[in-house]
Amino acid sequence: MNLPDAALTTSPTTPPSLLQRFAASRFGQALVALLMAAGLTWLSFRLLPALLRFWDAALLHLLSWLPLSDAMAGRMSLELPLWGEFETPAIQLWLAAADSQAWLGNLGGAALLFLLASLLRPALRSVVRALAGFHLATLLLQAASPLDYDVAQHTHHLAVISIGLLLSLPLVMAATHYIVERSHERRLLATLMIAAFLVLSLPLKLLAHAALLQFMSPLAMPTLFLVFGPAFDILCVSALYAWAITWRHHAG
Amino acid sequence: MSPLQAWLAFVALCAFGLLLPFLPALRTLRRPEARNPAPEAEKDAPARIEAFRGMVAQQFAQLLQVVRESEPIQGANESGRPFIVLGFNKHLAECIPPATRRLRSLVLSAGHLDIPGELVCDREIFAEGRINVAHNAVVKSVLSHRDIAIGIRARVTRWVRSDRRLDVAEGGSVKGFASAGIEIALARRTRFEQLEAPRISFGRQPDSPARPALEDPVARFDPPSRRGEQLGNGRNLVIPPGHTVRGDLIVAGLLEIGDGCRIFGQLRADKGIVLGQDVQIEGAVYADGPISTGANCLVSGPLISASSLRLGPCSRVGKPDEPSTLAADELLVSEGCVAYGTVRAGRRGEVIDTRISA
Amino acid sequence: MLFACSTATSASRPDPYLQLDPYIGSTQIARPATPAPQGSADENERPLNLSPQILSTPPDLQLTPPTETTSPAPTEAPAHSKLPQSALQGLWLLTSTLLGLHLLREWLRVLRLRVLRPPRPLALSHARWPTISILVPSHGKTAQQIERLTALASMDFDYPAECIHFVLMFDPAETGLVEAVAAFERACPGRVHPLPMMAGPNTTLATALHAAVANSIGTALVVLDQELPLARNWLRQSVTPLLDPAIGCVLTRAVFTPQDGALSARLDLLADQADTLLASQNDALNLLLCGKARIRAVRRQAVKSLHAPDLLHAPDGASLILDLTRLGWQSSLLGEITRYHSEDLLDQIRSPRLHPALVLQSLRLASLLVDPRLPAGARRQGAAAFFTAALPLVWLISLACGIALYFTGAPLLAGLAILLCTACSFDPHGNPGPAFRIAAAARMAGVREEIRLLPLSWVGFAHRLLGGIILLATTRTPRRREHAQPIEAPASEGAVA
């Protein structure tokens, strides 16, 4: 009466090697996570010139496709003390100064938004009202002291923040995601997914901002930058992070 | 492509990019709120035991009937896991090669079951009769309708459940959850984590019965003055020997109860609690720091420490008709102690060999 | 990177950080010098008069060409505009540092939680239930109060009946109410402690609490401060956390939930998990702010240690005050009772992070920090309460600094400020909290699907914060009056004894 071989093992199992035990230990895990974050950071810095070329090409393509009047894509640079020239893509758009129609349109739009917010549910209502109120407040501030940003600067600042977020993403993920997720593949996948989103959405975002500015006049610039700029980046990154952190280890 | 179409396509692209990160959130939001319990919550040992019991009743009840008077049956279930079903008076050692050190089969027996020494069993074990786990064996999970005896230096790694009585011999180890329908008896130098039984005895029990409880005495306690010589900063509290206190004692520092005191109320201390000998407490004892008790203490309520707890010889926790809880991160129980209800050790639980520690 | 940006911005002062001057020098976008002739056949092949790096489309010639005056030459900023900007930058730096420290502390707590992996909470199946007192305040009309007492007397809790004592607050001038209290005493002999207090503007729950604590017996005083129906098991559910030795005092969170559907409830669930899990650590800092009662307990302990140091260890009537407003109350049965009394604000037991008056009250706890006579634990609790209460203020100042910096010509710093503020705005209860803390703790607690709702939680955050600000702006705190004293009624003496 002998059982099939699958049921019995007469030879003792081989003990794990020292390297395996180190990799499975807590310290080894942390070390691997740190190495991964450092490697990804190095990679993103190395890929930055190629990414800039990609963004240029994407903007060029989109602008040739989109009937956005008087728009030019190019690069602007920022002098950083430890870095030197920090180049980012930007879009220049020649916009006339806001006339009375634009003022009326913006004021009316904000007031309408404020009133229409009462149709929404309470939590969303107060947020939309806050947005309308914020836009009204920025209009008042601009009436008191006009801003001297143009669209190129606006898009350049947006791109600086987004690229900064992209470059610091591996470290941020190492601090927030790698300490929860133990699978190296999932760590890598989550970081690459968020990075890919940032890379792909940057030209779209710049162009959408330029189009909105053309549509709403430069009066909307503060609202667009302060509400739909870096804050929106963080929200998107958090949304993807929250999704990545819920991935299960076993299917189903 | 006309300008309008280009704009529409661009707006659609932007909307897609805008919504893409929020799709999982919106999808979760659309789901009904009532959801299945978290998978972590399903992993309770009692639930696993019941699941195993149900699996045995469902899948192996007929097989156990068939095998009673016949030869053992081996095979694999639907998911391809091998099993061995033994009848009466059949020994597991006869069914496996002599040199086997690791057994990857489910083992079920219609009668008594003996697990040979030095064997490592990777799957659950079930017997309708008594189960003897011989010395140095390692078993994962054991379920019996009758008694279970864990031999010298044998180990249980997940759970063990006896519907009657569980005995763990000297040096044995019960990692995980152990429960018994009547009693769990642990010999000296055994290690444990979670125990649950109407009566749990640790080590050799004293010959003399427990002392009779005193009748309702009159409270007598003079609170020491804060500026007194024995109390420094006012955070610690010392109850001198022989006092009776009615009320809760809540102390920010160390709480010391002298020998022979009786407390009707809860004890709670941030730093630690030291109970003398023959202390009786009708209430719960909680401390964030260590708790140590002298010999012959009686605690009727839960006795819980967030760090370590050392129970003196011949102490009692709970009563037969009022089960209680004994819990600590590091739990050292002297011989002769008895607990009624639940015992939980977070990191380390051990029955101390009083001969050595003395 | 952030540091570099800020350095770059501050280094270029007093020039506005990015002038249009770069169009000539450092940047490579050039503006069209002259409008190109209209109606060119192939626009892409048209020769450009632009700089060679220009990538894309030519200007639309229908538009008016930009005027040269739109690009002002870089000039030295006047000295009077430098000062407010420097002050703004300093303020932004301070608030950002505080927010960064908050992020760091939360991160360290999550890390410690991950590394230490605390054992699962003990299931105290055999714990002996503590004796508790239920304070029934006199809210509403006489008929309502009588109805409430009748319902409470006939309530069949799954808690040992001998362990429940009632402290009934009532107006002795109302004869119907006195009879109802007497009937209650007959129904629960020996477990009713009447608390007669003359009704009046200065008889509120807060003023009656001292007398109620003196009248109560047992481990906890449970305050029924809202007219809500009770579930049968709410007492057991609520008292169970008290038995957890890791949490000295657990207070259920009282959250102002308007009728905005299931989302906020689910987000609350998420944040509750996070708070509970993090609070089961040794320093239950967040837990301290879960209710007013903890602050009250700290203050009570402080007052006691100052005025009666000998009584510090004497067990008083109620060792803990447990406020229950939400747990175990069935919201489906609320009906007309969920109305929101504006005059009840001061007495409602709710989280100070939501209620501005309580935030201010906990800010006052800063005085506990420096009092050497207090035990270290009380000082630490005071500090934690103070800093947690001050966080929304820090967040708001940082945001305001970011907006102001944008308007004063430092958009990158503004972007950084917005970035940091947004990163701290994921606690749906309105207290600045990072996303990773809630996500990590909820995942460890076994809540997985709900974490995906996290990006929506900033809606709740903004809603609560705005609600708090509006409440703070519109609430006028009435002048504090003397504490009302209970009337020494001969009828109540026997019951109390």
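What follows draws every value from the coordinates through simple rules; no lab data is involved. If you're wondering where the values come from, they're calculated on a predicted model, not measured in any experiment. We place every Cβ from the backbone using ideal geometry, glycine too, and count neighbours over all the protein chains shown.
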Handout entry: Per-residue [θ]222 nm for chain B (sum of -39500 (n - 2.57) over DSSP H runs n ≥ 4, rounded to 500)
Key = -4500 deg cm²/dmol
Handout entry: Förster-model FRET efficiency, 41 Å R0, residue A:38 and residue B:170, C-beta, rounded to 0.05
Key = 0.20
Practice task
Please give the average number of partner chain Cβ atoms lying within 10 Å of the Cβ of each residue in A:62-69, rounded to a whole number.
Solution key: 6
Fill in the blank from the handout: Sorted by chain and number, the residues with a modelled amide H under 5 Å from that of residue B:324, at a separation of 5 or more or across chains, are B:319, B:340, B:341, B:342
Exercise for the section: Taking DSSP loops as anything outside H, G, I, E and B, show the longest stretch in chain B free of GluC sites (Glu not before Pro) there with at most 16 other beta carbons within 10 Å. Expected result: B:230-358
Fill in the blank from the handout: Per residue of A:202-211, other chain Cβ atoms within 10 Å number on average 2
Practice task
Would you grab the residues whose amide H sits under 5 Å from the one on residue B:309? Only those 5+ places off in sequence or on another chain, please, with H modelled 1.01 Å from N.
Solution key: B:291, B:330, B:331, B:332
Exercise for the section: Compute the whole-percent fraction of alpha carbon pairs in chain B spaced more than 32 Å apart. Expected result: 49 percent
Fill in the blank from the handout: With label points set 7 Å from each Cα along the Cα-to-Cβ direction at residue A:24 and residue B:13, the distance between them in nm comes to 5.0 nm
Problem - Inter-part distance where region B:43-83 and region A:196-239 are each reduced to a Cα centre, Å - result: 61 Å
Problem - Charge tally in the Cβ shell below 11 Å around residue B:276, where Lys, Arg are +1 and Asp, Glu are -1, residue B:276 excluded - result: -3
Fill in the blank from the handout: Partner shielding of A:145-157, as the mean number of partner chain Cβ atoms within 10 Å, equals 4
Problem - Volume in Å³ per residue [convex hull over Cα atoms, computed for region B:237-357] - result: 81 Å³
Practice task
Could you give log10 I(q)/I(0) at q = 0.14, 0.15, 0.17 Å⁻¹ for region A:110-213, computed by the Debye formula over C-alpha point scatterers of equal weight, without solvent?
Solution key: -0.85, -0.90, -0.97
Exercise for the section: Between residue A:104 and residue A:48, take the C-beta separation as r, use R0 = 60 Å, and let me know the FRET efficiency to the nearest 0.05. Expected result: 0.85
Practice task
May I ask you to sort C:141, B:90, B:319 by Cβ crowding, counting other Cβ atoms within 10 Å and putting the fewest first?
Solution key: C:141, B:319, B:90
Handout entry: Spatial extent of region C:395-449: Rg and Dmax, with the Cα atoms as the point set, Å
Key = 14.5, 47
Problem - Exposure proxy order (Cβ contacts within 10 Å, fewest to most) of B:84, A:91, B:49 - result: B:49, B:84, A:91
Practice task
Quick one: of A:205/C:82; B:175/B:319; B:271/B:319, which pairs are farther than 29 Å apart, Cα to Cα?
Solution key: A:205/C:82
Exercise for the section: Binning at 5 Å from 0, report for chain A what percent of all alpha-carbon pair distances ends up in each bin. Expected result: 1, 5, 10, 12, 13, 12, 11, 10, 7, 5, 3, 2, 2, 2, 1, 1, 1, 0, 0, 0
Problem - Inter-site label distance for residue C:143 and residue A:17 at 7 Å from Cα along Cβ, in nm - result: 8.5 nm
Fill in the blank from the handout: Residues meeting the amide H criterion for residue B:84 (H placed from the backbone, H to H distance under 5 Å, 5 or more places apart or on another chain) are B:106, B:107, B:108
Problem - Two-site FRET efficiency, residue C:186 against residue B:322, from Cβ-Cβ distance with R₀ of 25 Å, rounded to 0.05 - result: 0.25
